[in-house]
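Presented below is the structure to which this report refers.
The values are calculated or read from the model by the stated rules, or taken from the named source; none is laboratory data. Everything numeric here is computed off the predicted structure, so don't read it as measured data. Please note: Cβ atoms are built from the backbone with ideal geometry, for glycine as well, and neighbour counts cover all protein chains shown. Accessible surface is based on the protein model in full, side chains and every heavy atom, while ligands, DNA and RNA are left aside. Shrake-Rupley method; radii C 1.70, N 1.55, O 1.52, S 1.80 Å.
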Amino acid sequence: MAADKMQTIVAAGCFCFCSIGMLYFNKIAVGAFPLECTLVALQMAFAAVSLLVGGWQSLHVGSAKDLLRWCMVVPFFTGMLLSSILALKHASMSLVITLRALSPLGSLLVERFYPDPLEVSTGVVLSIIVMALGGTMYCSQLDHSHLQGVFWVILNAIIAVCDRLLQRLMLSKDQNPVDLSKTTCTLINNGCGLIPVAIAAYCMGEFSEVPHVVAQLTLWHKVVIALTCVIGLGISYCGIWAQSLISATSFLVMTNANKFVIIGIEAFGLHTKVLSRTQTIGASVTLIGACLYAQARKKIEAKAKEKQPILPVQNEAKKVQM
């Protein structure tokens, strides 16, 4: 039990670290290298090649059925990456973070239909109200020029919910898991997802613009793009690792709640966004709501785990009596 708890902490910590780094460096990268599909294709190609070269020994496929089942995740994983890049291109990081914080609401509704759903407590409902209130406060001060960014952020949140729900269903031991190693899942996501992204980049004429864009990159921008590739590999693997240990809703809350630092970096480090007082309060309220939600779900999951070992003991006692 202690080992499982430590594994969950390590997996969640690694994912949070990669998530913050990916959001920060992707924001810089897409500004310097405005070829979104090509940038995502580069990140996915790096991840696929790295896994084939360095992780081929840990590849495992239980059956063709499991392989085909996991392939259902690929379109959502790919769409999540592309919509995330476009959201960062057309919107501020603080807007992306605030609206993403509302994504657990969708996953909560869908998870009610899972084979083993978690209950909804009063704390969960109250935290949802807090998140919705904060999101409304932030968006009330948005400039009309950010409307396109809002579209991409909402689309990204919807696709992310679908992606996490599917991964949770196929990774969690108490749901309907596939017999695939984490390395295999990561390789399938990036290797298969690379194909449609590369086709999209070609159809949009991005490949012909690559030499011109690369020639204008500074050394710092090249380092940033390289970092997005490395961190992208990390977040792909750690995301699957963490998703196999916690619920999809808790995963989304964890992803959103670690972004306090990003809002500070954007406002005080990058100086790319000036938040009004209402927006600052709204963003803070939304993220506080996400943290409260995480605590409420933690209590629910703890109660669910406490009930699990009791049933077998009771059944054994009945057998002895008979």
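Values computed for the structure shown
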| quantity | calculated |
| --- | --- |
| Pick from segment 171-223, criterion of a type in the set (A, V, I, L, M) and closer than 20 Å to Gly234 by Cα, ranking: surrounded by the fewest Cβ atoms within 10 Å (Cβ to Cβ) | Val223 |
| Counted residues, segment 8-18 - those being closer than 14 Å to Leu233 by Cα and open to solvent by 10 Å² or more (accessible area, probe 1.4 Å) | 4 |
| Lone qualifier among Leu23, Leu39, Leu51 - being at pLDDT 90 or above, part of a helix (DSSP H, G or I), farther than 24 Å from Cys203 by Cα and not acidic (Asp, Glu) | Leu51 |
| Positions within segment 61-89 being surrounded by fewer than 19 Cβ atoms within 10 Å (Cβ to Cβ) and not small (Gly, Ala, Ser), in sequence order | Val61, Lys65, Asp66, Leu67, Leu68, Arg69, Cys71, Met72, Pro75, Lys89 |
| Test result for Leu155, assigned to a helix (DSSP H, G or I), out of contact with any helix residue (DSSP H, G or I) (no Cβ under 7 Å at 6 or more places or on another chain), under 27 Å from Leu68 (Cβ atoms) and modelled with pLDDT under 90 | no |
| Number of positions in segment 22-60 that are open to solvent by 40 Å² or more (accessible area, probe 1.4 Å) and in contact with a Cys (Cβ under 7 Å, 6 or more places away or on another chain) | 2 |
